[in-house]
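Bear in mind that the values in this text are calculations on the coordinates, not laboratory data. Just so we're clear, the structure is a prediction, and the values are computed from it rather than from any experiment. Cβ placement follows ideal geometry from the backbone for every residue including glycine, while neighbour counts extend to all protein chains displayed.
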Amino acid sequence: MRIISRGTSEGVKNAAASLIGGNLVAFPTETVYGLGADATNQNAVARIYQVKSRPLGHPLIVHISSPNNLDNWARDIPEYALNLARNFWPGPMTLILPRTSLVKDFVTGGQDNVGIRVPAHPIAIKILKEFESLGGLGVAAPSANRFGKVSPTTAIAVSEDLSDFLSPNDLILDGGPCIVGVESTIIDCTHVSPAILRPGAVTADMINHQLGIAMEYSNEEGDVKIKASGLLRTHYSPKATVFLSGDTQPGDGFIAISSINTPEGAIRLASPKNNLEFAQLLYESLRLADKKGLKRVLIIQPDNGGVGAAINDRLEKAAQSK
Ligand code: TXA
Ligand code: MG
C-alpha cells in the first residue's frame, strides 16, 4: 500500500490504472474518503468487504464522473431524480435508483436498486474521468473505515484504519482534509416521491427551495427492503462512549459549538464556530478522543439548521451504540 500526496496528474493516472487493474484505491471526496474498486470487478469489490470487514449484503455506492453516465447504471429514472441530479451533482448526494443489468448483486447486496453519486472533489472527478477514459464505468466506494467505525476525513485516518488490511498494490490518494466532513445525503428515488434515507449536506430545505419538492425523511425501520448500513443503530462510533446530555467527569472529552464553555475538568476536543465547521471537525475530533485514550465524550448537539440535521443523525447513532 502506498500513499500518494495530493492529486498530481501522475497520482491520478496511477490511481485510475490501479483501479482498472483490480486494486483498491482510497481517494478523497468532498464528504469523506472512499475506498474504491472497479464496480464491475467482482474480485476487487469483494476485497472492499474484506478490508472493511463489512458484512456482505450491505450495498455500495457507485461513483461516476458525470450525470451523463447515469443510464449505464440506472433505469426508469423518475423526473424528480433527474432534477435532483441536475441541481445537486457533482455534490454530496447519492440517489438510489432501479439498477440496469450492468449492476451485479455483488454491488447491491442482491437488491434491485443501486446507489449512484457524482462527487464534487476535484481529485475524485479526475480519477473517475481517467478511469472512464481507460474503459472503466464506475467506482464502487464505501467510506474508507472499518465497518461501524467513524468515517475518515483525512488520508492519515484512512491509513491508520486500513493499512494493515490493504495490499502492496493498493493506493491511498491524499487530497487533504474533506470539506463537508459527513457522508452524502442518500435519497431513495424508487417510489413516486423521493425520501431521504440518510441526511447530509444536501438538505431537505435546499431540495424544497430549489425544486419545490417536499421531502420525506424515511423512518429507518419503515422500509425493510432497503438495507443501508449507515441506517443500523450501531454506527459511526469511536472507542470512547459518546453521550449527548448530562455532566462530564474530570478527564472526559467535550465537543460543542465555540460559544459554549468547556465544563471544568473536561478536555475540549473541538470548538466549531458553526454547523459547517462542526461537520468538518466532528470525525477527526472523535478520532482524537480515541488517540488520547478518553473513555467518554460529551457532545452538545448543534441545532438542526443546514448540515446540523446530518450531524445530529450521526451523533444519535454514535451515542446509541454503546
Ligand atoms: O459520502 C458518501 O456517501 C461516502 C463517499 C465515499 O461517497 N460513501 C459512503 O458509503 O458513505 P458507505 O457505504 O459508507 O455508506 C453508504 C450507505 C450505506 O449505508 C449503504 O448501505 C447505503 O448507503 N446504500 C448504498 N447503496 C444502497 C442501495 N442500493 N439501497 C439502499 N442503501 C444503499
Ligand atoms: Mg460508511
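General observations
- Surface/4 of the Cα convex hull for the chain, nm²: 15.3
- Taking the Cα centre of the chain as reference, the dipole from Cβ charges on Lys and Arg (+1) and Asp and Glu (-1) amounts to some 700 debye.
- Over the residues of the chain, the helix contribution to mean residue ellipticity at 222 nm works out to -9000 deg cm²/dmol, using -39500 (n - 2.57) for each DSSP H run of at least 4.
- Rounded to 10°, Cα long-axis angle of helix 122-133 versus longest principal axis of the chain: 20
- Residue exposure sequence - 116, 156, 299 - by fewest surrounding Cβ within 10 Å: 156, 299, 116
- Charge dipole (the chain, unit charges on Cβ, about Cα centre) - positive-most of 72, 193, 61: 61
- The chain: angle of helix 9-20 to the longest principal axis, Cα-based, in degrees nearest 10: 70
- The value of relative contact order for region 245-322, using C-alpha pairs under 8 Å at least six residues apart, is 32 percent.
- In percent, rounded to a whole number, the relative contact order of region 53-180 is 28, using alpha-carbon pairs under 8 Å and six or more apart.
- Fewest-first sequence of 31, 203 by Cβ atoms within 10 Å of each Cβ: 203, 31
- Given 13/52; 149/292; 149/273; 13/149, the pairs whose alpha carbons are separated by over 19 Å: 13/52; 149/273; 13/149
- Cα shape, region 17-139, gyration tensor, a/c 1.5 rule: oblate
- The ranking of 4, 20, 96 from fewest to most other beta carbons within 10 Å of each one's beta carbon is 20, 4, 96.
- Dipole-positive endmost among 151, 256, 280 within the chain (Cβ charges, Cα centre): 151
- With eigenvalues of the C-alpha gyration tensor scaled by 5 and rooted, region 241-319, Å: 19, 13, 12
- Shown here for region 1-51: trypsin sites (Lys or Arg not before Pro) in loop regions (DSSP other than H, G, I, E, B) with at most 16 other Cβ atoms within 10 Å, namely 6.
- Rounded to 10°, Cα long-axis angle of helix 308-320 versus longest principal axis of the chain: 70
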